[in-house]
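Student: Got a structure for you, questions after.
What follows draws every value from the coordinates through simple rules; no lab data is involved. The shown structure was predicted, so the numbers you read here are calculated from the model rather than taken from an experiment. Quick reminder, even Gly has a Cβ in these numbers, built from the backbone with ideal geometry, and neighbours come from all protein chains shown.
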Amino acid sequence: MKTPVNRRHLLRGAGALIALPALESIGFRRFASAAAPGPPPKRMIFLGIGYGVTSETWFPDIHDSGAGYTLPEGLKPLARHKNDFTIVQGCKHHFSRQAHWGSTYWLTGANQYGTPGQSFSNTVSADQVAAAQFGEHTRFTSIQLGTDASDRNGHGPGNSLAWNQRGKPLSAWNSPLETYLKLFGTDDMPLAQRRAMLAEERSVLDSVIIEARDMRRGLTKSDTDKLDEYFQSIRDIETRLSKSEKWMDVPKSKAPLAEPDEALVGRSEIEMMYKLTVAALQTDNTRVITYRQPGSRLLSSIGASGNPHNVSHYRAGTETEVSSKMRDTAHSELLAGLIDQLKATSEVDGSSLFDHVALAFGSNIRSIHYLNNPPTLISGGGANLNLGQNLVLNEGTPLNNVWLTMLQGVGVNVDRHGDSTGVVKELQA
């Protein structure tokens, strides 16, 4: 063939194969002489766990730094992946004050009182900085995963881990079944009807904009600022509508796994969300995913006593400490399973999905009410990081330095994030 083969056109003509990864079995290697597919894209995953961990048994000894450190009890289920993750110690969000908000500022590091006259303020989260660059190529600019509204212990305000460019919360898909249907469910509504609904939404939006602009006359500065924020919200809706329009006639990806049970709770819920995370990246539905994980449901599903708040205030030698350690072990086992899946998922060039992912696991809370040295585990080969070590940084190093290092590592064009002071050179390979 002398005419270059465009991947999007090829997939568009392949019907249900739209948005699948570049698979050798459907001819991508065969067309290599005409237009070889580029390298697999970079992806980011952020996994937030709310109230934190058991300090004494999750963190490696700070005096045992480097690659030869001894895995502590809470991380032992990850032993087979020891060379593929790094524990970063010594970090802190300098503005953090809320000891029950493990995710609200985890990816932002914002000052709660950063906006004069307001008791709550936030800024853009690290995932959304990446999504602004990566999201134009995928059906979903980013995907936010969460859990049932009744089980958000330790996470604080917000609907997910993600906050947009204006510091406003982004919504999440809160169950494995909802996530599966959003990604792979059949669109039963005819295309013409969906187009008509989109046109109606645009019409209503246009009318609102006209009326809002007429209101500008005679407003105070405070009201004008509020109206400007309102217009930004309108622009966000316009962006969403444009995205929907662009992908409306593109069939959803073929599901690489079966539809999940509606009744999954706790451990099985997290396990399935991890499988769906891999599926969403594998099919290139998105390249940025966050997951704000359940607390109470996890504890009950593994037979641990107590609620997340009481367990986070564990005391040595008590049932609360036992439950806290059980929770840590469960998280490490689940994370090890996710890394297994990322390594087992092949890219068209023979590499693994793991090789192109940058992953962070942790919380803004260490344990109890302590906000210094929050649990921070970094994995994945996508950001060219120095993995396989217990990295002990100077106490008080901005956690945003870690996020900045990851963002630059996956190729995001950004010079700083929040209160970052620079990249963590010791984390760079």
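Student: Residue by residue through segment 307-322, what is 3J(HN,Hα) from phi via Karplus (6.51 cos²θ - 1.76 cosθ + 1.60, θ = phi - 60°)? Round to whole Hz and write x for glycine and proline.
Tutor: 9, x, 5, 5, 5, 5, 9, 4, 10, 4, x, 10, 5, 5, 5, 4
Student: Taking H placed 1.01 Å from N in the peptide plane, check which residues at least 5 places from V288 or on another chain put their amide H under 5 Å from its amide H.
Tutor: Close amide H contacts, sequence-distant or interchain: M44, I143.
Student: Are there trypsin sites (Lys or Arg not before Pro) in segment 272-329 that DSSP marks as loop and that have at most 14 other Cβ atoms within 10 Å, and which are they?
Tutor: R315
Student: Follow-up. In what sequence do T397, T70 fall when counting other Cβ within 10 Å, fewest first?
Tutor: If I rank by nearby Cβ atoms, fewest first, I get T70, T397.
Student: Can you pick out the pairs among K92/K168; K82/K325; K76/K182; K76/K343; K76/K425 whose Cα atoms lie more than 25 Å from each other?
Tutor: K76/K182; K76/K425
Student: I need the phi-derived Karplus couplings for segment 146-158: 6.51 cos²θ - 1.76 cosθ + 1.60, θ = phi - 60°, integer Hz, Gly and Pro marked x.
Tutor: Taking θ as phi minus 60°, the curve returns x, 9, 3, 4, 7, 10, 10, 4, x, 8, x, x, x Hz for segment 146-158.
Student: Could you run the Karplus curve 6.51 cos²θ - 1.76 cosθ + 1.60 with θ = phi - 60° over segment 57-68 and give me ³J(HN,Hα) per residue in whole Hz, x for Gly and Pro?
Tutor: Once rounded to whole Hz, the list reads 10, 9, 7, x, 4, 5, 8, 10, 7, x, 7, x.
Student: Rank the residues T115, T186, T318, T179 as a footprinting-exposure proxy: fewest other Cβ atoms within 10 Å of their Cβ go first.
Tutor: T186, T318, T115, T179
Student: Lys/Arg Cβ at +1, Asp/Glu Cβ at -1, dipole of segment 313-368 taken about the Cα centre: which of S324, H313, S352 is farthest positive-ward?
Tutor: The listed residue farthest towards the positive side: H313.
Student: Treat the count of other C-beta atoms within 10 Å as a stand-in for reagent exposure and order E259, E269 from fewest to most.
Tutor: Going from sparsest to densest Cβ surroundings: E259, E269.
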